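Here is the structure we will look at.
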Amino acid sequence: MAQINISDLKTLTGVGVMPTDLRAIVTPITNAYGTFALVGGAIWSAWIFWRKRILPHRVTANILIALGALLPAFGGLHIALPGGDLNLFFIMELLGVIIMFFGFLRTKEVFGLYRIP
């Protein structure tokens, strides 16, 4: 049984998980790659559906997913800048998840063609 001091768990510091120098290098690279993959894939998919003039609801769904994915990315960029506000990041992250969920709901296979709450 491990003894845990609950009073030390008030903040998330990341101390001891990964060296600070390595974390400063790896985090932006992996986050940028993930953002480019998600946003790029959604935009590419929207472009293909729009160009072929098929499944127009998928164009809307993919655009919503791309926009929703950009919000947390911009929120994280805001934190990295001097004077960045962590609360703004959390708000942008929440809005991004909500917008991506609306994009998910917009796909036909999930809930039907015209179901948007």
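Among 27, 35, 60, which is the only one that is in contact with a helix residue (DSSP H, G or I) (Cβ under 7 Å, 6 or more places away or on another chain), farther than 14 Å from residue 103 by Cα, among the β-branched types (Val, Ile, Thr) and surrounded by 12 or more Cβ atoms within 10 Å (Cβ to Cβ)?
35
State yes or no: is residue 76 open to solvent by less than 40 Å² (accessible area, probe 1.4 Å) and modelled with pLDDT under 95?
Answer is yes for this residue.
Between a residue in region 45-58 that is in contact (Cβ under 8 Å) with a residue 24 or more places away in the chain and any residue that is surrounded by 13 or more Cβ atoms within 10 Å (Cβ to Cβ) and not basic (Lys, Arg), which pairs come within a Cβ distance under 7 Å, given they are 6 or more apart or on different chains?
As it stands, the answer is 55/49; 58/49; 58/107, since those pairs meet every condition given.
Listed here are the residues, each with its yes/no results for (1) farther than 30 Å from residue 107 by Cβ; (2) open to solvent by 90 Å² or more (accessible area, probe 1.4 Å); (3) modelled with pLDDT of 85 or more.
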site	(1), (2), (3)
15	yes, yes, no
43	no, yes, yes
46	no, no, yes
88	no, no, yes
93	no, no, yes
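When you scan region 63-72, how many residues do you find that are open to solvent by less than 30 Å² (accessible area, probe 1.4 Å) and either on the phi > 0 side of the Ramachandran plot or aliphatic (A, V, I, L, M) (or both)?
Number satisfying all stated conditions: 2.
The values are calculated or read from the model by the stated rules, or taken from the named source; none is laboratory data. Model, not experiment: these values are computed from the prediction. Cβ coordinates were reconstructed from backbone atoms using ideal geometry, including for glycine residues, and neighbour counts include every protein chain displayed. Ligands, DNA and RNA are excluded from the accessible area calculation, which covers all protein heavy atoms including side chains. Shrake-Rupley method; radii C 1.70, N 1.55, O 1.52, S 1.80 Å.
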